[in-house]
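Beneath this line is the structure, given in structure tokens, with notes to follow.
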Amino acid sequence: MKLIEPTPEYADQIAAYRRAFLEYGGSMDGCGPLRRYEDPMEWLAFVEAMKKPETTPEGLVPATQLIYVHEEDGKIAGMIQIRHYFNEYLEKYAGHIGYSVAPDERRRGHATAMLRLALPICRELGIEKALVCCLVENEASRRTILNNGGVYESTVYEPERDMRLERYWIDTRSAER
């Protein structure tokens, strides 16, 4: 397994990942607006624009988008997004990192591995402590965060989506690449 930036070579796998979530009905955290893009190339253009402040769409912050793939066949097992800094919403409810694992790839440790691999990248981006949030009822995500050294800070209520979120901080300074 490897964590890499998505490229056009993965367009079919990106489309399959999106399709799996649309069929399953789950949340596509850590994918940016992939749900809205039928054409993977349009999503890849969005991902590219998010890399730099000068090309990031208004209201958003620069972000690094990564995919977690099986090396033998290129199948995407998960996606993770690292937001380089906060806007008001991210600071309160979403944090630096969002991630998801394909429905048929769950319960194999992929989320824990993806987050572990993303922490040194956070450090390289100047994020010494990464905020990672999860829904109160998402036990799997909570375990992923705790397995990566997450320290619970608080639980907050996000009124627009009627969600209760737990906030955890992870020190990236000891993360190894």
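The values are calculated or read from the model by the stated rules, or taken from the named source; none is laboratory data. Here the structure is a predicted model, which means the values were calculated and not measured. All Cβ positions, even for glycine, are placed from backbone atoms using ideal geometry, and neighbour counts span all protein chains on display.
Points worth noting:
- Residue check for residue 168: assigned to a strand (DSSP E or B), among the hydroxyl-bearing types (Ser, Thr, Tyr) and within 18 Å of the chain's Cα centre (by Cα): yes
- The stretch 107-134, residues that are touching an Asp or Glu at 6+ places or on another chain (Cβ under 9 Å) and over 21 Å from residue 153 (Cβ atoms): 120
- Selection from the stretch 16-30 of residues that are hydrophobic (A, V, I, L, M, F, W, C) and out of contact with any Phe, Trp or Tyr (no Cβ under 9 Å at 6 or more places or on another chain): 16, 20, 21, 22
- Consider the stretch 36-55 and keep the residues that are over 19 Å from residue 84 (Cβ atoms) and of a type in the set (D, E, K, R). The one that is nearest to the chain's Cα centre (by Cα) is 36.
- Whether a residue is out of contact with any Phe, Trp or Tyr (no Cβ under 8 Å at 6 or more places or on another chain), within 23 Å of residue 129 (Cα to Cα), modelled with pLDDT of 95 or more and among the small types (Gly, Ala, Ser) was assessed, and residue 63 passes this test.
- Pairs, first outside any helix (DSSP H, G or I) in the stretch 20-31, second of a type in the set (D, E, K, R), C-beta under 6 Å, six or more apart: 28/35
- For residue 102, the criteria (1) over 14 Å from the mean Cα position of the chain (by Cα); (2) on the phi < 0 side of the Ramachandran plot; (3) small (Gly, Ala, Ser) hold in every case but one, which is (1).
- Residue within the stretch 122-130 that is closer than 23 Å to residue 17 by Cβ and touching a helix residue (DSSP H, G or I) at 6+ places or on another chain (Cβ under 8 Å) present: no
- Residue match in the stretch 46-63 (condition: part of a loop (DSSP other than H, G, I, E, B), of a type outside the set (Lys, Arg) and crowded, with 18+ Cβ neighbours inside 10 Å): yes
- Of the candidates 113, 140, the single residue that is under 30 Å from residue 11 (Cβ atoms) and under 14 Å from the mean Cα position of the chain (by Cα) is 113.
- Residue list for the stretch 61-93, filter: closer than 15 Å to residue 29 by Cα and hydrophobic (A, V, I, L, M, F, W, C): 63, 66, 67, 76, 77, 79, 80, 82, 90
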